[in-house]
Amino acid sequence: MTTFRNYILANFGLEMPGPQIPGSWFAENGLPMIVSCTCCGMTMSSPSAWIDRDGQCYCGGCAGAEDD
C-alpha cells in the first residue's frame, strides 16, 4: 500500500500542493476529494487514504498504514 500522495505522483505525475489543498485542485485534476474505505466503508479526505496496487482506497486502520 502507498499513500494517496505517492499514488497520484506515480500514476498521474501530479504533485499535491501543501500543506492546505484547495478543493478546486481536486476538480481541476479530476480527482475525488472524499473517498471511502474499501474494507470498512469509513469516508475520509483523499490525502488521508491509502491505496493498494489495484487502486482501492483504505483508511489507515484497515491499511495497517505501511508505505511500500
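Since every read-out is calculated from the coordinates, none of them should be taken as a lab result. Note that the structure is predicted; figures quoted are calculated from it, not measured. So basically every Cβ, Gly included, is an ideal-geometry build from the backbone, and we count neighbours across all protein chains shown.
Here are the numbers for this structure:
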read-out	value
Close pairs from region 6-31: first within 12 Å of Ser46 (Cα to Cα) and without any contact (Cβ under 8 Å) to a residue 60 or more places away in the chain, partner of a type in the set (Phe, Trp, Tyr) and surrounded by 10 or more Cβ atoms within 10 Å (Cβ to Cβ), Cβ under 9 Å, at least 6 apart	Tyr7/Trp50; Met16/Phe4; Met16/Trp25; Leu31/Phe4; Leu31/Phe12; Leu31/Trp25
Restricting region 49-66 to residues that are out of contact with any Cys (no Cβ under 6 Å at 6 or more places or on another chain) and more than 18 Å from Phe12 (Cα to Cα), the residue that is surrounded by the most Cβ atoms within 10 Å (Cβ to Cβ)	Ala63
Of all residues making up region 1-39, the number that are of a type in the set (Val, Ile, Thr), in a loop (DSSP other than H, G, I, E, B) and touching an Asp or Glu at 6+ places or on another chain (Cβ under 9 Å)	1
Unmet requirement for Asn6, which otherwise passes all of (1) farther than 15 Å from Arg53 by Cα; (2) surrounded by 15 or more Cβ atoms within 10 Å (Cβ to Cβ); (3) not hydrophobic (A, V, I, L, M, F, W, C)	(1)
Per-region count, region 40-55, residues in a loop (DSSP other than H, G, I, E, B) and within 11 Å of the chain's Cα centre (by Cα)	3
Breaking point among (1) out of contact with any Phe, Trp or Tyr (no Cβ under 9 Å at 6 or more places or on another chain); (2) surrounded by 11 or more Cβ atoms within 10 Å (Cβ to Cβ), for Thr38	(1)
Every pair of residues 6+ apart whose Cβ atoms lie under 7 Å, when the first sits in region 40-65 and is touching a residue at least 40 places away in the same chain (Cβ under 8 Å) while the second is in a strand (DSSP E or B) and surrounded by fewer than 15 Cβ atoms within 10 Å (Cβ to Cβ)	Ser46/Ile34
